[in-house]
1. In the stretch 1-32, which residues are assigned to a loop (DSSP other than H, G, I, E, B) and under 30 Å from LYS68 (Cα atoms)?
2. Name every residue in the stretch 140-174 that is open to solvent by less than 10 Å² (accessible area, probe 1.4 Å), part of a loop (DSSP other than H, G, I, E, B) and among the β-branched types (Val, Ile, Thr), in order of residue number.
3. Of everything in the stretch 218-230, what is out of contact with any Lys or Arg (no Cβ under 8 Å at 6 or more places or on another chain), within 18 Å of TYR207 (Cα to Cα) and surrounded by 13 or more Cβ atoms within 10 Å (Cβ to Cβ)? Give them in sequence order.
4. Can you name every residue in the stretch 175-197 that is modelled with pLDDT under 75, open to solvent by 60 Å² or more (accessible area, probe 1.4 Å) and either in contact with a strand residue (DSSP E or B) (Cβ under 9 Å, 6 or more places away or on another chain) or among the small types (Gly, Ala, Ser) (or both)?
5. Out of all the residues in the stretch 16-36, is one or more surrounded by 11 or more Cβ atoms within 10 Å (Cβ to Cβ), in contact with an Asp or Glu (Cβ under 9 Å, 6 or more places away or on another chain), farther than 23 Å from GLU163 by Cα and at pLDDT 90 or above?
6. Do we have any residue at all in the stretch 46-61 that's more than 16 Å from the chain's Cα centre (by Cα) and β-branched (Val, Ile, Thr)?
7. Taking the residues in the stretch 56-66 that are assigned to a strand (DSSP E or B) and farther than 21 Å from ARG127 by Cα as candidates, determine which candidate is most open to solvent (accessible area, probe 1.4 Å).
8. Please tell me if SER211 is open to solvent by 40 Å² or more (accessible area, probe 1.4 Å), under 23 Å from ALA53 (Cα atoms), at pLDDT below 85 and part of a helix (DSSP H, G or I).
Amino acid sequence: MATNCTSILKSLAWCQGTPELPGIKRRIYYIGKDQIVKWPTLSHDNRGRLTAAAYAGNFVLAADANWKYIDILPDKSQLTSEAQGEYPSQTQLNKLTAVHPGVGVEASALAAFVNNNDCVFLVETVRGKYRVVGSESWQVKSTVAQDLGQGPTGTTSTTLSVEATDECPAPFYYGKIETEDGIIQPETASQQNNGDTAGYEYNGTTYDNFSGYIDAIAADTGKTPASVEAEFYSLVVENAGDYSLAADQLNESAAIWKAQASQTNP
């Protein structure tokens, strides 16, 4: 019997003159895999082929666990990706080089934190999008090198080098980031960077707080907040990280859910 293999190929456009800003921002985040209770998911078709380069959902962490940060020198740090392996088993090797300027006791302890430990890293691009270095499927290799400088004009540094195998170049992550300083909602951070504090609107009310927006839809439609949030992040991935468009579509879905609920419970 012949195998019917549907194509997953898509066109890749680029508008002339569109700026593509290089580089990463000065703060990265990391956590040990043993502190991750549940991973967000990458989308695959029924043949196991990757269909999107972005995670849907959130990293669910163990109780009292949170992402730790490392401040770096952006001009000396970079994230790259290259193919590895042979057809038909090729994967991507994502490489992060993060240079921290300090060489004191805290910087030196970084080696104890990441050497021989399986960690995951979040890297924010200049555009405000987070990329994940590290996969649930493969172990991550992290090493630390330190340079105390040479002579009066030398420079000091503690350099973190990470190599992580994945199915695609460092996947995008649109979910929340639970840090020791509070929760980062990537879209909220992006809005603040762009000077936009419009928030999320539902039924004529604007919510500055993302959880308030989700809770309002859940209360109005009879859905659980978790299911509403999951649908939202699924829409974010479908729309390539466009939160505004995802929110518009979620509001449309909420109207349908509300109508269905009223029919079920007249």
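1. If the condition is that a residue be assigned to a loop (DSSP other than H, G, I, E, B) and under 30 Å from LYS68 (Cα atoms), then GLU20, LEU21, PRO22, GLY23, LYS25, ARG26 are the ones that fit.
2. Passing the criteria: only VAL140.
3. ALA218, PRO225, VAL228, GLU229
4. Of everything in the stretch 175-197, just one residue is modelled with pLDDT under 75, open to solvent by 60 Å² or more (accessible area, probe 1.4 Å) and either in contact with a strand residue (DSSP E or B) (Cβ under 9 Å, 6 or more places away or on another chain) or among the small types (Gly, Ala, Ser) (or both), namely GLY195.
5. Checking the stretch 16-36: not a single residue is surrounded by 11 or more Cβ atoms within 10 Å (Cβ to Cβ), in contact with an Asp or Glu (Cβ under 9 Å, 6 or more places away or on another chain), farther than 23 Å from GLU163 by Cα and at pLDDT 90 or above.
6. So far as the stretch 46-61 goes, yes, one or more of its residues are more than 16 Å from the chain's Cα centre (by Cα) and β-branched (Val, Ile, Thr).
7. Of everything passing the filter in the stretch 56-66, VAL60 is most open to solvent (accessible area, probe 1.4 Å).
8. no
The values are calculated or read from the model by the stated rules, or taken from the named source; none is laboratory data. This structure is a prediction, so every number in the text was calculated from the model and none was measured. Neighbour counts run over all protein chains shown; Cβ positions are idealised from the backbone, glycine included. Heads up: the accessible areas ignore ligands, DNA and RNA and are worked out on the full protein's heavy atoms, side chains in. Shrake-Rupley method; radii C 1.70, N 1.55, O 1.52, S 1.80 Å.
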